[in-house]
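First comes the structure, then the notes that go with it.
The values are calculated or read from the model by the stated rules, or taken from the named source; none is laboratory data. Just so it is clear, the structure is predicted and the values come from calculations on it, not from any experiment. Cβ sites come from the backbone with ideal geometry, for glycine too, and all protein chains shown count toward neighbours.
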Amino acid sequence: MSIFSFKGYSKRRCVTAAVTVALLQTAVLGYIVQSRASILQNGTQVLLKTAPVDPRDFLRGDYVVLNYDISSVPVVSISGGVPKEAAERSLWVRLKPGEGGFWQIAESSFEMLPQAEGSVVMHSQPFYSYGSTYQADTIHVEYGIERYYVPEGTGRALEQARQDGEVSIAASVGANGTPQIKSLLVDGKPAYEEPLY
């Protein structure tokens, strides 16, 4: 094989590798977008009471940080209690419709909860559990829906609405417990709808 044909072979390999990497990246992004859209379209819709804060992210525009009533999980609601060993864990939280149409915690567990009619199970993000040394009455968890980006310049109006206690979130929850924000509501009316794609 001459040096020229070797260089041509090497270029073809580089181009083939670059195309393969680009196709893999596209496939991964497509999967992420489709997974999110599937939850929004087919998930169980729940209404969540929020207490957002309005920081500003200069690189991405306005966003509100959302803290939910269901973010504070009562220790007494945990089936089987808190595991004794300290470790990174996650909680499965069963929600049922409550007062004002807002979904509330019915039970929770460090083990996967089965689906049941009239309820939905959300899976928290991993957090560090202190085990048997934990003394508080609640465990604070996040579900991956604590930040919501809004059109630039509208964050202040949402902050004012939050102070008046008027902001809530409609979320869709997938069968695996993953939630996605479907819409942000002000005074019970959708202010921002999340597109499927």
Region 58-116 - residue that is acidic (Asp, Glu) and loosely packed, with under 13 Cβ neighbours inside 10 Å and, of those, farthest from ALA157 (Cα to Cα): GLU85
Any idea which of (1) touching a strand residue (DSSP E or B) at 6+ places or on another chain (Cβ under 6 Å); (2) closer than 17 Å to GLY43 by Cα is the one TYR148 doesn't satisfy? (2)
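Collect the residues in region 120-135 that are surrounded by 17 or more Cβ atoms within 10 Å (Cβ to Cβ) and either of a type in the set (Val, Ile, Thr) or part of a loop (DSSP other than H, G, I, E, B) (or both), keeping them in residue-number order.
VAL120, VAL121, SER124
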Based on this model, can you work out whether LEU91 counts as under 15 Å from ILE139 (Cβ atoms) and at pLDDT 95 or above? yes
If I filter region 139-160 for residues that are in a strand (DSSP E or B) and out of contact with any Phe, Trp or Tyr (no Cβ under 9 Å at 6 or more places or on another chain), do I get at least one hit? no
Kindly indicate the residue of region 23-37 that is modelled with pLDDT under 75 and either outside any helix (DSSP H, G or I) or hydroxyl-bearing (Ser, Thr, Tyr) (or both) and also farthest from PRO195 (Cα to Cα) among those meeting that condition. TYR31
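Please tell me if SER109 is under 15 Å from VAL46 (Cβ atoms) and either modelled with pLDDT of 95 or more or under 12 Å from the mean Cα position of the chain (by Cα) (or both). Even if it seems obvious, please write down each step before you answer.
Values: under 15 Å from VAL46 (Cβ atoms): no; either modelled with pLDDT of 95 or more or under 12 Å from the mean Cα position of the chain (by Cα) (or both): yes.
Answer is no for this residue.
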Is there a residue in region 105-121 that is among the aliphatic types (A, V, I, L, M) and under 17 Å from GLN180 (Cα atoms)? yes
Cβ-Cβ under 8 Å pairs, at least 6 apart or on other chains, region 135-152 side more than 29 Å from ASP62 (Cα to Cα), far side in a strand (DSSP E or B) and at pLDDT below 90: none
